[in-house]
Amino acid sequence: MTWSTAMLVLLACAAEAQPRLLTLPSRSPLVSFRIVFLTGAASDPAGKEGTAWLTAAMLAQGGSRQMSYQQILEVFFPMAVTVSSQVDKEMTVFSATTHQDNLEEFYRIFRSMLLEPGWREEDLTRLRDDAVNFLRVTLRGNNDEELGKEVLYNEIYAGHPYGHHNVGVVSALQKLRMEDLREFYRRHYTQANLIIGLAGGYPEGFAEKVRKDFSVLPAGPATALKLPEPRPLRGRRVTLVQKETRSVAISIGFPISVRRGHPDYPALLVAQSWFGQHRMSGGRLFQRMRELRGLNYGDYAYIEYFPRGMFQFEPDPNLARRQQIFQIWIRPVEPENAHFALRLALYEMDRLVRRGLSRDEFERTRQFLSKYVNLLTRTKSAELGYAIDSLFYRIPDYNSYVKQALARLRVEEVNRAIRRHLRTTDLHIVAVAKDCERLRARLLSDEPSPIRYNAPRPKEILEEDKIVERWKLGLKPEDVRIIPAEKIFE
Amino acid sequence: MRWWVTLMLCAFLTAPASERKVFPYSWDEHDFPNGLRLITIPTDYPNVVALYIVVQAGSRNEVEPGKSGFAHLFEHMMFRGTRNYPPEKYEAVLKAAGASSNAYTTDDHTAYHTTFSKEDLETILAMEADRFQNLEYSRDVFRTEALAVLGEYNKNSSDPANKLEEVLRDTAFDRHTYKHTTMGFLKDILQMPEHYEYSRLFFERYYRPEYTTIILAGDIEPAKAKELVSRYWGSWKRGSFRPEIPAEPPANGPRSNHIAWPTPTLPWVVVAFRGPAYSDEEPDHAALDLIAYLGFSETSELYQKLVIREQRVDILEAENLRRVDPYLFCVWARIKKEEDVASVRDEILATLARFAAEPVEPQRLERVKRHLRYRFALSLRDSEAVAAAAARYVALRRTPATIDRLFALYEQLTPATILAVARKYFVDAGRTVITLAGGGSQ
């Protein structure tokens, strides 16, 4: 799909006040749906955090007016199809892929799930339990890395519409009533918020039929969400999450004004890729922290929200946001190396900001990204997701946007963008650790934190370590806060 | 999609069961004189090529005591370079190709996979051939990489599911190497830096053409791929090592174990029975696949009762892993309240006992077979997924032909076979039950 056709669709729909429709027809026997509503957790009413998530869950994993959830599962089972929902701050997506043999029967039920929800109390009880158990057990209890990342977002966006986890807050989830969800559905599941995405081998006329069916939703309005700037960070702030755990997971970040469509996005994409391309071993952080020093399993950098990174190599589409943060992800390190690892990441960041990329590093990263971008959209469903995100960001289709921008980009622009947007101060650090008091004392002391190796290291590394182990964090007692894990997301 | 693929995909669900091809691609298989096998799978997805190099050695091959986790550590070492391609150059080539590259290790195999643009096929094949033949790393680099493996253990260690698997295997097996997970025992991981020589031995034994199959799926020309593989991999020397994997003695259970988890978490129960090895000829393993879905998938009676109606359980799933040697049939449940653990365990046991007591309804059996066919078709969403799916089966029988043979076997299974297989395996002697409960308060 091209920018011009996507825009035509968008403009035509705006004129006729119909749902926007994006189609990627192909001869595949599979048909993929992405039904997106431009609303999400940032629109949760105050004190009712989790409304957006539970509303979407009631549609995707609850019954419709005609059928109980149990009956829906019965019909879907032989088709091996599942409907999933994903809620982010400003976007909610319902996605499914079916074989074209089953398209008609699947779509009949899928449509009724989204347009005629059943709102059954037993579904709400089950899904509320799922939400609470996800926050308390799956995330807080069993995944230190994702916990650290999510706490980082909550801290950076405290007091901001982005300031709570997409699934919600436990105490609010426990109080939510069916009427809260129905009200959210009425207000936000409107045609003005809707983008229908359809890809694969669907028959002629099908796309128009879907658009017509979804025209029963209220026309509007679009979700009006005022997004203030996140509270400015001063110096370095640290949140230590106390829990019984073997190792220390660290995340570092700060807000950036750059998102897709911003003039500096391609430049910062190059910088991020060179510094810490997700789950790839060529990034600078990975090389210096894991390959040369054996500190942990991997170290990466991001300029866009990328949840579930420990389970996947490519990000999910439809997590589009107006505001993003820059983030460093340090995978769990042995407790005695936590102070050193944090210093090394900041030391590398400092080096990046001061020195930028060499012409050669820039050229190699540009070449990588120009090809790698094809892999992001290699399934029809992903291509569709990226096309929808491009509508959100008002850019051409993602692959052309990135490739064309990279072709024009110069190393000086990358280094200027690095200096403009990246830094080693005015940032937030989160560490999930067992002995937080001790870690706090070490961080505050700014004492050297030498690393001990199990094998000889090159002189260059040992000399660099001498600088890293003394790298000043300059923290004051009020900058370092300890929170027991049990208090998070409550 | 090319017309012939579309036709095949459409036809497989409507054709008579005996003629159905579930793996819809027309693939080619070629054996080189040194024992290396190449499988080419052209797909219609343009520009992209997915390469999977499958080595039929995994944690099952870790026969020496104290060496658990070595196949996986070795997978890490494979990224440490050769004389021609030191790690920086290896990275630079991958980067220039815009490639996505990684690897994984399981019980029976290790797979190295790279997805890239078609014009880089020769470059990537040449470079991979070099590291499989000429891998070189120093003792110091080895010791450093062993720490990255410890880092991997550490990042997994906050999830009780990993601990459950570790204890389940250790409890259920006495002699076979399935006793340990692929990650290995922590005590062995901590000792890894000391075993440089063993790592070289592992390479000498298993990184040989007769253990290796190259899978290429995507925008490829099979003849050209064959010529390239012959050019770069043809001189690789065949080995001679055959491991003696200790056989597990007959089951003498029932056995059980409990894990006290140090932090708050929901309790788990795992009910396992000794099961058969993977087979595309004998019905046993395939029948247990069907039982897994009949008994514990979203539409099963037990799931509907425990998860949907009574809402006492939030995760319920059965697992019947395809393994070279006999492994376990397992049912996993995460339970919302501690006091329900015993009754959920009993419900799972009663469900399994029913399969051994009465035949299942034929219609239900047909629904599961249909589910499995569509599930597999829906998983083939791009060239990478096609190669990945093929790799899992190639690890077992060295050919994608086993996929169609397995699905043909499913079609032949009747309620009577299900009954007989359930009676054979769901017996007290083969049973292991593991429970886990969290500490502290929520």
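The values are calculated or read from the model by the stated rules, or taken from the named source; none is laboratory data. Please read all numbers here as calculations on a predicted model, not as lab measurements. Cβ sites come from the backbone with ideal geometry, for glycine too, and all protein chains shown count toward neighbours.
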Go through B:Glu165, B:Glu152 for me and flag whichever is closer than 30 Å to B:Pro264 by Cβ, under 19 Å from the mean Cα position of the chain (by Cα), assigned to a helix (DSSP H, G or I) and modelled with pLDDT under 95. B:Glu152
Contacts under 6 angstrom Cβ, first residue in segment A:186-203 being touching a residue at least 40 places away in the same chain (Cβ under 8 Å), partner among the hydroxyl-bearing types (Ser, Thr, Tyr) and surrounded by fewer than 23 Cβ atoms within 10 Å (Cβ to Cβ), 6 or more apart: A:His188/A:Thr223; A:Asn193/A:Thr223; A:Leu198/A:Thr23; A:Gly200/A:Ser26
With respect to B:Val149, determine if the residue is of a type outside the set (Phe, Trp, Tyr), surrounded by fewer than 22 Cβ atoms within 10 Å (Cβ to Cβ) and closer than 20 Å to B:Lys67 by Cβ. no
Whichever residue in segment A:283-322 is free of Cβ contacts under 8 Å to residues at least 12 places away in the same chain and in a loop (DSSP other than H, G, I, E, B) and, among such residues, is farthest from A:Leu139 (Cα to Cα): A:Gln312
With the requirement that a residue be of a type in the set (Val, Ile, Thr), under 14 Å from A:Asn193 (Cβ atoms) and either touching a Pro at 6+ places or on another chain (Cβ under 9 Å) or within 7 Å of another protein chain (Cβ to nearest Cβ) (or both), what does segment A:76-97 give you? A:Val93
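Tell me, which strands (runs of 3 or more DSSP E) wholly within segment B:25-128 include 3 or more residues that are touching a strand residue (DSSP E or B) at 6+ places or on another chain (Cβ under 8 Å) and acidic (Asp, Glu)? Give the steps one after another, and end with the answer.
Details: elements: B:28-31, B:37-42, B:48-55, B:100-105, B:110-117.
Per the criteria, B:28-31.
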For a quick check of your reading of the model, give me the residue pairs whose first member lies in segment A:32-47 and is in the same structural domain as A:Leu194 (by TED's automatic domain parsing), whose second is of a type in the set (D, E, K, R) and in a loop (DSSP other than H, G, I, E, B), with beta-carbon atoms closer than 6 Å and at least 6 apart or on different chains. A:Gly40/A:Asp88; A:Gly40/A:Lys89; A:Gly40/A:Glu90; A:Ala41/A:Lys89; A:Ala42/A:Lys89; A:Ala42/A:Glu90
Please work out if A:Phe392 is within 13 Å of chain B (Cβ to nearest Cβ), part of a helix (DSSP H, G or I) and of a type in the set (Phe, Trp, Tyr). no
Within segment B:405-442, residues being within 14 Å of chain A (Cβ to nearest Cβ) and within 30 Å of B:Pro262 (Cα to Cα) number 7
For segment A:345-378 the number of residues that are within 14 Å of another protein chain (Cβ to nearest Cβ), assigned to a helix (DSSP H, G or I) and either among the polar types (S, T, N, Q) or within 18 Å of A:Gly276 (Cβ to Cβ) (or both) is 14
Return the only residue of A:Ser85, A:Ser32, A:Ser43 being farther than 24 Å from A:Lys212 by Cβ, of a type in the set (Ser, Thr, Tyr) and at pLDDT 95 or above. A:Ser43
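Going through segment B:62-77 one residue at a time, which ones are without any contact (Cβ under 8 Å) to a residue 60 or more places away in the chain and either more than 14 Å from B:Glu152 (Cβ to Cβ) or surrounded by fewer than 19 Cβ atoms within 10 Å (Cβ to Cβ) (or both)?
Going residue by residue through segment B:62-77, those that are without any contact (Cβ under 8 Å) to a residue 60 or more places away in the chain are B:65, B:75.
Listed by number, the list holds a single entry, B:Pro65.
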On the given criteria, is A:Gly168 more than 16 Å from the chain's Cα centre (by Cα), more than 14 Å from chain B (Cβ to nearest Cβ) and either outside any strand (DSSP E or B) or at pLDDT 95 or above (or both)? no
